[in-house]
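Asker: Once you've had a glance at the structure underneath, I'll fire off some questions.
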Amino acid sequence: MTAKLEHSKQEDILLFINGEFVRSASGETFENINPYTNEKINDVESGSRADIDKAVEAASVAFHRTWKTIKRSERMSYMYRIADMIDQRIEEIAYFESLDTGLPIKQTRKMVSRASQNFRFYANMAESRLVGEAYQVDDQFINYTIRTPIGVAGLITPWNAPFMLETWKVAPALATGNTVVLKPAEFSPLTANVLAEVVAEAGLPNGVFNVVHGFGETAGDALVRHPDVPLISFTGETVTGKTIIKNSADHLKDCSMELGGKSPIIVFDDADFERALDAAIWGIFSFNGERCTANSRLFLQEGIKDKFMEALKKRVEHVKIGDPLDDATEVGPLIHTEHYDKVTSYFNIAEEEGAEVITRPIPESLQAGNFVAPTLIVHAENSMRVAQEEIFGPVLTVMTFQDEEEAIRLANQIDYGLAGYVWTNDMKKGHRVAHQIDAGMIWVNSQNVRDLRIPFGGMKASGIGREGGHYAFDFYTEQKVIHVAISDHPIPQFGK
Ligand code: NAD
């Protein structure tokens, strides 16, 4: 395996079109940078409209010739094979993911095993829940529904959990009979090509799965505007999502939008103190704070705020930053220098707004990487930019509240509505508050653990539509109703 790792590290990252790894039509490349060293890992072929055209053509042919018509059992056997092959390569894929993104390897291993589950889960789901309904209308008609695949799905993904999020879209798209053109994030291209290798080795027909690397404004935009791509599933920033919806409007595409978040965690006086503390810390500092469902706004009830803040500061001081490939690391470097600049710019913004920033210096040995120490912003107000804007780094904004009514009001005073977390030992209150927070997903006395069967997605500026479970089928399939007469019902006889 080591030889393979070394080899792949030096290789350029090619596009994967119609079952082959190929160079881009323009011959242009861009550098892929290691966030821990800021040294180049390799060059990446920069796809553009011509490459998207080729990939969509291949996906379109594969859709009509094979993928939409092959037997379901055959399609599912490919899915299970992909899952098994990912499982055999967990260590290698986790290594690439950490190298590419700076995410700690202990966390990327778990993300990769989620990726194989995504394939197994959607194979299972398509077998059991890809169903229609039938309605008998008296003794005259039967109306029934079927679900059909739609065509080429354009999947556009971010860099914060690349392999897991790519497979989260690829698996339901393929299981339902669509073919795929994937445009991975330019900051994290490595593992999408491992998925392409797996797909090729699993023997999927050429063209069923394609990868075009490149920038959002070129490769991504060409996919969004392509007339033969009826579906766009996007995960990324809210502002990008808005642009994509506008640019896809001429072709009236179906768009699934998984967007940004700034999620509240509300800790009541009567909460299980230690568990709430663990959850608040994990929820913001895992995945280097680059997590869409991160609890980035902490609301503490007045009665526990002093004790909680004291414990929080002590723990945060000891969260271990370091080499993402070291098993002991809890927080690694941010994805890119551009993102580092964005995250750290909020420290000045916080101070200008009158809040206090509690952070710590980065040791000399880590200066080459894009490290931001786990940081608390205290004495903050909910109206401040640091409480309203998605920072997307290891930065927790802390505020206080008096009572239930105020907690709900503050939690909802924001454009986003992805997730929310409530900690209380009064279960009536827990449910009440959960029902009133405007967010797609609320956890009560729980960290962010999620069963794949439930819907995933956000409200307000955090998204449109739901992925996950059978809910993804509403996006990846077209519902068709067939009306059948089973008796000679009256038909008006015009002109007789
Ligand atoms: P981003 O919006 O900058 O980029 C995401 C993808 O969109 C990339 O592949 C990029 O190349 C592409 N893109 C950019 N401009 C485009 C355009 N004009 N047309 C087509 N494609 C374009 O997001 P990011 O910085 O990579 O990811 C971080 C964001 O993702 C955060 O806001 C985070 O909250 C969000 N996110 C949301 C979820 C969720 O499920 N709601 C999950 C993970 C991440």
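Asker: When you check Pro158 against the structure, is it within 9 Å of the ligand (Cβ to nearest atom), of a type outside the set (Gly, Ala, Ser) and either in a helix (DSSP H, G or I) or in contact with a strand residue (DSSP E or B) (Cβ under 7 Å, 6 or more places away or on another chain) (or both), yes or no?
Answerer: Against the criterion (within 9 Å of the ligand (Cβ to nearest atom), of a type outside the set (Gly, Ala, Ser) and either in a helix (DSSP H, G or I) or in contact with a strand residue (DSSP E or B) (Cβ under 7 Å, 6 or more places away or on another chain) (or both)), Pro158 qualifies.
Asker: Quick one: how many residues across segment 304-325 are in a loop (DSSP other than H, G, I, E, B) and either more than 24 Å from Ala279 (Cβ to Cβ) or among the small types (Gly, Ala, Ser) (or both)? Explain how you work it out, then say what you get.
Answerer: Of all residues in segment 304-325, those in a loop (DSSP other than H, G, I, E, B) come to 304, 318-320, 322-325.
Filter once more, keeping what is either more than 24 Å from Ala279 (Cβ to Cβ) or among the small types (Gly, Ala, Ser) (or both): 322-323, 325.
Residues flagged as in a loop (DSSP other than H, G, I, E, B) and either more than 24 Å from Ala279 (Cβ to Cβ) or among the small types (Gly, Ala, Ser) (or both) within segment 304-325 amount to 3.
Asker: So, restricting to strands (runs of 3 or more DSSP E) that lie completely within segment 173-283, which ones have at least 2 residues that are in contact with a Cys (Cβ under 9 Å, 6 or more places away or on another chain)? It would help to see each step written out before you state the result.
Answerer: Working: elements: 179-183, 209-211, 231-235, 254-258, 264-267.
In segment 173-283, 231-235 are the strands (runs of 3 or more DSSP E) which contain 2 or more residues that are in contact with a Cys (Cβ under 9 Å, 6 or more places away or on another chain).
Asker: Here is a follow-up. Residues Gly332, Gly354: which one is touching a residue at least 12 places away in the same chain (Cβ under 8 Å) and within 21 Å of Glu381 (Cβ to Cβ)?
Answerer: Gly354
Asker: Oh, and also: Which of the residues that make up segment 85-108 are on the phi < 0 side of the Ramachandran plot, in contact with a Phe, Trp or Tyr (Cβ under 9 Å, 6 or more places away or on another chain) and not β-branched (Val, Ile, Thr)?
Answerer: Within segment 85-108, Ala94, Phe96, Glu97, Ser98, Leu99, Asp100, Leu103, Pro104, Gln107 meet the criteria.
Asker: Could you grab me the full set of residues in segment 53-95 that are part of a helix (DSSP H, G or I) and charged (D, E, K, R)?
Answerer: Step one: of segment 53-95, the residues part of a helix (DSSP H, G or I) are 53-67, 72-88, 90-95.
Selection gives Asp53, Lys54, Glu57, Arg65, Arg72, Glu74, Arg75, Arg81, Asp84, Asp87, Glu91, Glu92.
Asker: Among (1) buried (at least 23 other Cβ atoms within 10 Å of the Cβ); (2) outside any helix (DSSP H, G or I), there is one condition Leu165 misses while meeting the rest; what is its number?
Answerer: Only one criterion is unmet by Leu165, namely (2).
Asker: On the given criteria, is Thr179 more than 15 Å from the chain's Cα centre (by Cα), more than 9 Å from the ligand (Cβ to nearest atom) and within 19 Å of Ala55 (Cβ to Cβ)?
Answerer: For Thr179, the condition - more than 15 Å from the chain's Cα centre (by Cα), more than 9 Å from the ligand (Cβ to nearest atom) and within 19 Å of Ala55 (Cβ to Cβ) - is met.
Asker: Another question, then. Here are some conditions: (1) in a loop (DSSP other than H, G, I, E, B); (2) out of contact with any Ser or Thr (no Cβ under 7 Å at 6 or more places or on another chain); (3) among the acidic types (Asp, Glu). Asp341 meets all but one. Which one does it not meet?
Answerer: (1)
Asker: Continuing with this model, one more query. Working only within segment 96-108, note down all residues that are crowded, with 18+ Cβ neighbours inside 10 Å and part of a helix (DSSP H, G or I).
Answerer: Phe96, Glu97, Ser98, Leu99, Asp100, Thr101, Ile105, Gln107, Thr108
Asker: Here is a follow-up. What residue, among those in segment 344-395 that are aromatic (Phe, Trp, Tyr) and assigned to a helix (DSSP H, G or I), is nearest to the ligand (Cβ to nearest atom)?
Answerer: Tyr346
Asker: Would you please list the contacts, defined by Cβ atoms under 6 Å and residues six or more apart or on different chains, that run from a residue in segment 184-212 that is among the acidic types (Asp, Glu) to a residue that is in a loop (DSSP other than H, G, I, E, B)?
Answerer: What qualifies is Glu186/Phe215.
Asker: Hey, does segment 407-429 have a residue that's without any contact (Cβ under 8 Å) to a residue 60 or more places away in the chain, more than 16 Å from the ligand (Cβ to nearest atom) and either in contact with a Ser or Thr (Cβ under 6 Å, 6 or more places away or on another chain) or among the acidic types (Asp, Glu) (or both)?
Answerer: Within segment 407-429, none of the residues are without any contact (Cβ under 8 Å) to a residue 60 or more places away in the chain, more than 16 Å from the ligand (Cβ to nearest atom) and either in contact with a Ser or Thr (Cβ under 6 Å, 6 or more places away or on another chain) or among the acidic types (Asp, Glu) (or both).
Asker: Would you confirm whether or not segment 298-320 contains a residue that is modelled with pLDDT of 95 or more, among the small types (Gly, Ala, Ser) and under 25 Å from the mean Cα position of the chain (by Cα)?
Answerer: Checking segment 298-320: not a single residue is modelled with pLDDT of 95 or more, among the small types (Gly, Ala, Ser) and under 25 Å from the mean Cα position of the chain (by Cα).
Asker: Answer yes or no as to whether Leu252 is farther than 14 Å from Gly420 by Cα and buried (at least 19 other Cβ atoms within 10 Å of the Cβ).
Answerer: no
Asker: When segment 209-255 is examined, which residues are found to be acidic (Asp, Glu) and more than 6 Å from the ligand (Cβ to nearest atom)?
Answerer: Passing the criteria: Asp228, Asp250, Asp254.
Asker: Here is a further query. On the basis of being within 21 Å of the chain's Cα centre (by Cα), within 15 Å of the ligand (Cβ to nearest atom) and more than 30 Å from Pro230 (Cβ to Cβ), does Pro455 make the cut?
Answerer: Here the answer is no, as Pro455 does not meet what is asked.
Asker: Name the residues in segment 57-76 that are surrounded by 14 or more Cβ atoms within 10 Å (Cβ to Cβ) and among the polar types (S, T, N, Q), would you?
Answerer: Answer for segment 57-76, where residues must be surrounded by 14 or more Cβ atoms within 10 Å (Cβ to Cβ) and among the polar types (S, T, N, Q): Ser60, Thr66.
The values are calculated or read from the model by the stated rules, or taken from the named source; none is laboratory data. The shown structure was predicted, so the numbers you read here are calculated from the model rather than taken from an experiment. Cβ: placed from backbone, ideal geometry, glycine included. Neighbour counts: every protein chain shown.
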